[in-house]
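See structure below.
The values are calculated or read from the model by the stated rules, or taken from the named source; none is laboratory data. Computed from a predicted structure; not experimentally measured. In this analysis, Cβ positions are derived from the backbone assuming ideal geometry, glycine residues included, and neighbour counts consider all displayed protein chains. The area values use the complete protein model at the heavy-atom level, side chains included, leaving out ligands, DNA and RNA. Shrake-Rupley method; radii C 1.70, N 1.55, O 1.52, S 1.80 Å.
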Amino acid sequence: MLKSQITLSTWRKEMFKLDTPRLVLREMTEDDAPLMLAVLNDPDFLRNVGDRGVRTEDDARRYIVDGPIAAYKRQNFGMYKVELKDGSPIGLCGLVKRDGLDDVDIGFALLPDYRSQGYALEAAEAVMQFARESVGLRRIVAIAQPANLPSVQLLEKLGMQQERKLRLPNDDEELLLMAWDSDRSTSS
């Protein structure tokens, strides 16, 4: 398993950062509005995750403030910007405490040019390690559309197992709930 360097600092003095061999994961800021706008309006994101109604960079800034930045303050984790070592933004990966789920879930979304190169797995492995070792989570879940095989397969590579189908509040779409549980996992 990939061992990433976790740089945790006191919240508000320095921003959170995870380093992997090819990537850096950082807290999002309002300056990441162009990335958020691109991710949220990618056709695959719209099909597999849903339409968040973000159409402009101003919408994206508000979405970042109300979503990831609020989560960092409230929970000390959230969705992070994923960038190459050269600073090129390629997508998002992180932890979300979502209505309708008892557990924290992991999510990821990369821009089309960066898919199928192992980046999503590398970022998600780093987030899983952070969730276990620094946040202390003993159970992590993920939701995916059953037909989204690339995401389901990536979640299985993370050690997640399919548990059941569910519907989130105010959503009629049936999703697959997958989970990693420390009690049944031998990976670290």
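What the table below lists for this structure:
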quantity: Dipole magnitude of the chain, debye to nearest 20 (Cβ charges: Lys/Arg +1, Asp/Glu -1, about Cα centre); calculated: 520 debye
quantity: Ordering of 128-139, 170-181 by packing [mean C-beta count within 10 Å, highest first]; calculated: 128-139, 170-181
quantity: Cα gyration tensor shape of region 18-67, rounded if a/c is under 1.5, else prolate or oblate by comparing a/b with b/c; calculated: oblate
quantity: Identified option (computed mean projected area of the Cα convex hull in nm²; candidates [x] 12.6; [y] 11.7; [z] 10.2); calculated: [z]
quantity: Ellipticity estimate at 222 nm from DSSP helix runs (n ≥ 4, -39,500 (n - 2.57)) divided over the chain, nearest 500; calculated: -7000 deg cm²/dmol
quantity: Whole-angstrom gap from region 35-71 to region 107-166, using each part's C-alpha centre; calculated: 19 Å
quantity: Amide H partners (placed H, <5 Å) of LEU110, local residues excluded; calculated: LEU92
quantity: Cα gyration tensor category, rounded, prolate or oblate, for region 83-167 with a/c compared to 1.5; calculated: oblate
quantity: Rounded percent of accessible protein surface that carbon and sulfur make up, the chain, 1.4 Å probe; calculated: 46 percent
quantity: Prolate/oblate/rounded label for region 117-183 (Cα gyration tensor, a/c 1.5); calculated: oblate
